[in-house]
1. Tell me the residue from Tyr234, Tyr201 that is modelled with pLDDT of 95 or more and either under 20 Å from Arg132 (Cβ atoms) or among the acidic types (Asp, Glu) (or both), please.
2. For Leu119, all conditions in the list (1) assigned to a loop (DSSP other than H, G, I, E, B); (2) open to solvent by less than 30 Å² (accessible area, probe 1.4 Å); (3) at pLDDT below 95 hold save one; what is the number of the exception?
3. Look at the stretch 18-48 and say how many of its residues are of a type in the set (Phe, Trp, Tyr) and either open to solvent by 50 Å² or more (accessible area, probe 1.4 Å) or over 21 Å from Leu174 (Cβ atoms) (or both).
4. With Tyr141, Tyr115 as the choices, which residue is closer than 16 Å to Ile52 by Cα and aromatic (Phe, Trp, Tyr)?
5. Which of the residues spanning the stretch 139-172 are at pLDDT below 95 and under 18 Å from Ser70 (Cβ atoms)?
6. Among the residues of the stretch 134-141, are any open to solvent by 50 Å² or more (accessible area, probe 1.4 Å), part of a loop (DSSP other than H, G, I, E, B) and not aromatic (Phe, Trp, Tyr)?
7. Does Leu73 satisfy the criteria of being modelled with pLDDT under 95 and closer than 29 Å to Ser192 by Cα?
Amino acid sequence: MKFPFNFHIGSMVINAHLVFEILAYLIGFRYYLFLRQASKDKISAQDRGWIIVAGGAGAIFASRMVGYFSNPLLNTHSVDLMMIHFFSAKSILGGLIGGIFGVEIAKKLMGIKVYAGDLFVYPIILGMMIGRIGCLSQGVYDGTHGIPTNLPWAMDMGDGIPRHPAQLYEIIFLGITWFFIKKNENRLSDGSRFKVFMIAYLLYRFLVEWIKPAYFYSFGLSAVQVACVIGFIYYIPVFLHPRNLLKETHART
């Protein structure tokens, strides 16, 4: 397979990353609607809609912020270029964290006290897996590739250098996480599916950043890792009381 990989229809070239990104949103949302219809959602359709809007707004803003600071070398003294960089940069990890805060603010304003995240877990994972296929299709030209390596599964991502296929690592990790949560969902308390997913993904992204050509600030961390630390702080109650992730009957065994 040669990178970047794109679709060709006659003389027209269609960016594969864009195709998979659109599919990620469409299929993920349809999967969410299917799961909601099949479950007994404790949140009304109207309130759930506002939660999605608030989560989406938070996700867009934080995604741009983390993406912007992930490559400060692109920041210039030109306001126009800085704005272009801000609105073109994005980070899945930043989007997830921003979405959490957006949802929590919306729930607070609407007086909703039940957990809202569990219903989104599997659609989010599926959407991310599809999206990462798009990232993989662009090789080094997407910026999500890994650093050079001599490991036997290294891939030439389009620049003639064997590299960690970081996009493929994430697809595999997400699949394993999905399997683990699905296998144990009957043991998990309300809201714990989303917590387990987020903590696992935060840990993964913090560690995998070391094998990606990220920009590391003088204090030793990248923008993505700083976002991970913010996520870790948010989930301190879970780290202090991990047994609360389990239903009461399972927590006692």
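The values are calculated or read from the model by the stated rules, or taken from the named source; none is laboratory data. Because the structure is predicted, anything quoted here is derived from the model rather than measured. Every residue, glycine among them, receives a Cβ derived from its backbone with ideal geometry; neighbour counts consider all protein chains shown. Calculation scope for accessible area: heavy atoms of the full protein, side chains included, ligands and nucleic acids excluded. Shrake-Rupley method; radii C 1.70, N 1.55, O 1.52, S 1.80 Å.
1. Numbers: Tyr234 fails: either under 20 Å from Arg132 (Cβ atoms) or among the acidic types (Asp, Glu) (or both).
Among Tyr234, Tyr201, only Tyr201 is modelled with pLDDT of 95 or more and either under 20 Å from Arg132 (Cβ atoms) or among the acidic types (Asp, Glu) (or both).
2. Here Leu119 meets the rest and fails (1).
3. Quick first cut of the stretch 18-48, residues of a type in the set (Phe, Trp, Tyr) only: 20, 25, 29, 31-32, 34.
Applying the additional criterion that residues be either open to solvent by 50 Å² or more (accessible area, probe 1.4 Å) or over 21 Å from Leu174 (Cβ atoms) (or both) yields 25, 29, 31, 34.
Total satisfying the criteria: 4.
4. Of Tyr141, Tyr115, the one residue that is closer than 16 Å to Ile52 by Cα and aromatic (Phe, Trp, Tyr) is Tyr115.
5. Val140, Tyr141, Asp142, Gly143, Thr144, His145
6. Residues of the stretch 134-141 open to solvent by 50 Å² or more (accessible area, probe 1.4 Å): 141.
Now drop any that are not part of a loop (DSSP other than H, G, I, E, B), which leaves none.
Within the stretch 134-141, none of the residues are open to solvent by 50 Å² or more (accessible area, probe 1.4 Å), part of a loop (DSSP other than H, G, I, E, B) and not aromatic (Phe, Trp, Tyr).
7. Working: modelled with pLDDT under 95: yes; closer than 29 Å to Ser192 by Cα: no.
No.
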